[in-house]
Amino acid sequence: MESRVSAAPARMITAEHAAGLVRSGAWLDYGAVLCQPDAFDKALALRKDELTNVKIRSCISTKPRAVLEADPGGGHFFMFSLHFSGYDRNKHDAGRCNYMPLNLGEVPDYYRRFIDPVDIVVLKACPIDADGYFNFGAANLWHRAVIERAKMVIVEVSRGLPYVLGDQKGVHVGEVDYLIEGDGLPAAELPNAPMNEVDRAVARLIAAEIEDGFLLADRHRRDAECGLPAVAGERSPRPGGAHGNAGGRHRRPVPGGTHHRCEKGFGPGQDRLYVRARFERPVCIARTQPGLRVSSRRLHQSAAHHHAQ
């Protein structure tokens, strides 16, 4: 990991001052998901009539972007998304957001080797920690790669983001040019869609494959909260035991991203069993250490029985 060195110590400025650093024709980077700036975004939107051809990269917007709402005709700001949220898709359909087809796992290399250094990267992050880092929170993705070659780095400090551990999880104050105070609001949270009869039908198919002693890991929150627990107690007995058995499992590895190849299969490392129903994403049924219990508001079950098999 390379470290960027700012030309001068990081200086606290207002969001309006930071937005004033943007010039027509500039490339900006808003980062991804919870790292997208809000105070800066609103301040930049107010400069709409002063700017043209300002291009912004982003990924999975969790709330409306002020620059797009202020410029419905697209005469000033252009948004390029690496991956759509529902909001991004709606803006795409309205002609205001462009999708960039790519492999998300290769994004760091794109920024380090192929994309020209961005003029300004603006990221929302946690307040500075004891080691001098502004933590990216729950959006620890490719932001390090963007920062390494950026011409200017601005951090929007927010007390509303969770502090998250991990590798390449933040930006050091010595790499930052300017700091602005964020709004401090809690991190955005997308609500779950209400469960319908299709969800219940799919969940019943999945629940019928679960044996006693299995531990369910929430691979996708919607799987856990839209149907599966609601019908877990509605399974009908199957031949081979109280709830059937796992006879006929396919023990061939299931490569990442190809879980659809079989109805059941052990995943990489033989430590996970993926079960899927037709037309639905897989649910991960994991084997863990003997006697291990997982505390969850949704599932409380020992994996000892399954691990021993």
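The values are calculated or read from the model by the stated rules, or taken from the named source; none is laboratory data. In this text, all values refer to a predicted model and were calculated from it rather than measured experimentally. Cβ sites come from the backbone with ideal geometry, for glycine too, and all protein chains shown count toward neighbours.
What's the number of the condition Met12 fails, among (1) touching a strand residue (DSSP E or B) at 6+ places or on another chain (Cβ under 6 Å); (2) crowded, with 19+ Cβ neighbours inside 10 Å?
(2)
Which one of Lys42, Lys48 is closer than 19 Å to Leu185 by Cα and either surrounded by fewer than 18 Cβ atoms within 10 Å (Cβ to Cβ) or not hydroxyl-bearing (Ser, Thr, Tyr) (or both)?
Lys42
Do any residues in segment 136-148 that are at positive phi have Cβ atoms under 8 Å from those of residues that are buried (at least 22 other Cβ atoms within 10 Å of the Cβ) and in a helix (DSSP H, G or I), where the two are at least six apart or on different chains, and which pairs are they?
From segment 136-148, the pairs are Gly137/Leu34; Gly137/Cys35.
Mind listing whichever residues of segment 91-115 are surrounded by 15 or more Cβ atoms within 10 Å (Cβ to Cβ), more than 14 Å from Val54 (Cα to Cα) and touching a Lys or Arg at 6+ places or on another chain (Cβ under 9 Å)?
Scanning segment 91-115 gives Lys91, Pro108, Tyr111, Arg112, Ile115.
Taking the residues in segment 164-187 that are under 20 Å from Cys59 (Cα atoms) and modelled with pLDDT of 95 or more as candidates, determine which candidate is farthest from the chain's Cα centre (by Cα).
Gly182
All but one of (1) within 22 Å of the chain's Cα centre (by Cα); (2) in a loop (DSSP other than H, G, I, E, B) hold for Gly105, so report the exception by its number.
Exception for Gly105: condition (2).
Condition first: under 27 Å from the mean Cα position of the chain (by Cα) and either in a loop (DSSP other than H, G, I, E, B) or farther than 15 Å from Ile120 by Cα (or both). Now tell me which residues in segment 3-21 satisfy that.
Ser3, Arg4
Looking only at segment 166-211, which residues are farther than 30 Å from Val146 by Cβ and surrounded by fewer than 13 Cβ atoms within 10 Å (Cβ to Cβ)?
Asn192, Ala193, Pro194, Asn196, Glu197, Val198
Working only within segment 100-136, note down all residues that are touching a helix residue (DSSP H, G or I) at 6+ places or on another chain (Cβ under 6 Å) and either within 19 Å of Gln36 (Cβ to Cβ) or of a type in the set (Lys, Arg) (or both).
If the condition is that a residue be touching a helix residue (DSSP H, G or I) at 6+ places or on another chain (Cβ under 6 Å) and either within 19 Å of Gln36 (Cβ to Cβ) or of a type in the set (Lys, Arg) (or both), then Pro108, Tyr111, Arg112, Val121, Val122, Leu123, Lys124, Phe136 are the ones that fit.
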